[in-house]
Amino acid sequence: NIWLIMTDDLDSSTTKDDFRWIGAISCILSLFGSSAIILSYWFYPHLRKPARHLLVWLSVADFGTALIYLITIIACYDCSQCTQRVKLLTSLIGVYFPVASFLWTDCIAIYVFGASYQQQWILPINRLFCGFHLVSWTLPLISIFIILIIYFAQNEKMQFSDGYTGGWCWVDKMALQIIGGKAVEIFSCVFLAIIYCATWLRLKRIQKYKKRIELMATVDPHGAGAAASSVLTSKRSTTHFGGDDTKITTLLRRLAIIPLIFIALRIFGTLRVILVSSGLFEPHSGIDHTLQICQSFCDPLQGFCNGVLFFCCVSEVRSAVFSIPYRHPRYYRDIIGTEKTTSNSVDQDDIEFNTNTITSLSTPILARANPLLQ
């Protein structure tokens, strides 16, 4: 009952049980969502597009985040039912995977932005992806090492608590919280909002230009063809003229949803840290309990949201996973093999305009295939 949670005389044991169950349910949902993305990529080779490859590693980080939160909620809930070393270990792992998740989310945004603008620095893809791996797995290690140095250098014991989390252990001081991922989290919120907005605007301009060319074609077919030809041969061209306009609209909608989901999931924990640290309200007050309930559910939930957005809501993935022919070995041997041999005869525009998922941005440059489709 939200009204009871916001009252100051709320029974603390009841509230903690609420945190525990809500956090555990959220973690389990996230484990299922992350596993769905990872397993679909593993078992269905034709889904292995570059951006989905990045999404798999994001799902690995989300899986680790949900798993360590779930273990802490069960084995060391309230960060008071375990030893100091267990608190340190769970806190460090609870720093590593969330920070890695933030960074992988940023890397995906960078890749989508570069692909939509057809930037030269996204090629070769293997080199770019190696850089993403280096950044996303190394920077969290640096945060952990800094916390460890402070832990062993201090004369007094470092304090761990659940005062700023949804029930799992975390470092207690504000400076350590900034090192332990809060700075990366706030940066990611701002960065994702900016870069996805720029990508959305770019694709919106492409959509408007495509509509203008189609309108010109109805009035003057020869003039529209000349205009399209001049754009395709232009050095800075990223405009595509084939395909269904509804596919671009779907892609634009997803580009708008991604940063909103990320910010909505992380806002409650960030608000708690800022408001409690600034003294605007006391820890464990009524408002703090409400925000903690929301944080318990939202913080581990990114894996589940990604599963819904990129597994359940993508027709190509649903067809591969839930369709019997796709799962039948003979289908792969007889049908998929035939499609591969005849793929060269398919219209190139239809191939490039496969925008059923965010991994299928379609804008050729200098007559070169979009790297997101390779």
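Residues that are part of a loop (DSSP other than H, G, I, E, B) and over 21 Å from Arg20 (Cα atoms): does segment 124-138 have at least one? There is at least one residue in segment 124-138 that is part of a loop (DSSP other than H, G, I, E, B) and over 21 Å from Arg20 (Cα atoms). Within segment 36-57, not a single residue is within 13 Å of Cys169 (Cα to Cα) and either touching a helix residue (DSSP H, G or I) at 6+ places or on another chain (Cβ under 9 Å) or among the β-branched types (Val, Ile, Thr) (or both). Identify the residue in segment 87-122 that is out of contact with any helix residue (DSSP H, G or I) (no Cβ under 8 Å at 6 or more places or on another chain) and part of a helix (DSSP H, G or I) and, among all such residues, is surrounded by the fewest Cβ atoms within 10 Å (Cβ to Cβ). Here the answer is Gln120. The set of residues in segment 276-309 that are surrounded by fewer than 20 Cβ atoms within 10 Å (Cβ to Cβ), polar (S, T, N, Q) and within 23 Å of Trp21 (Cβ to Cβ) comprises Ser285, Thr290. A count restricted to segment 140-172 and to residues that are more than 28 Å from Ile25 (Cα to Cα) and assigned to a loop (DSSP other than H, G, I, E, B) stands at 5. Taken over segment 56-79, the criterion of being surrounded by fewer than 24 Cβ atoms within 10 Å (Cβ to Cβ), in a helix (DSSP H, G or I) and not β-branched (Val, Ile, Thr) is satisfied by Trp57, Phe63, Gly64, Leu67, Leu70, Ala75, Tyr77, Asp78, Cys79. Just one of the listed residues (Lys210, Lys204) is at pLDDT below 80 and either of a type outside the set (Val, Ile, Thr) or open to solvent by less than 70 Å² (accessible area, probe 1.4 Å) (or both), and it is Lys210.
The values are calculated or read from the model by the stated rules, or taken from the named source; none is laboratory data. In this text the structure is predicted, and so the values were computed from the model without any measurement. When we count neighbours, we look across all protein chains shown, and the Cβ atoms used for this are built from the backbone with ideal geometry, even at glycine. Just the protein is used for accessible areas: all its heavy atoms, side chains included, with ligands, DNA and RNA removed. Shrake-Rupley method; radii C 1.70, N 1.55, O 1.52, S 1.80 Å.
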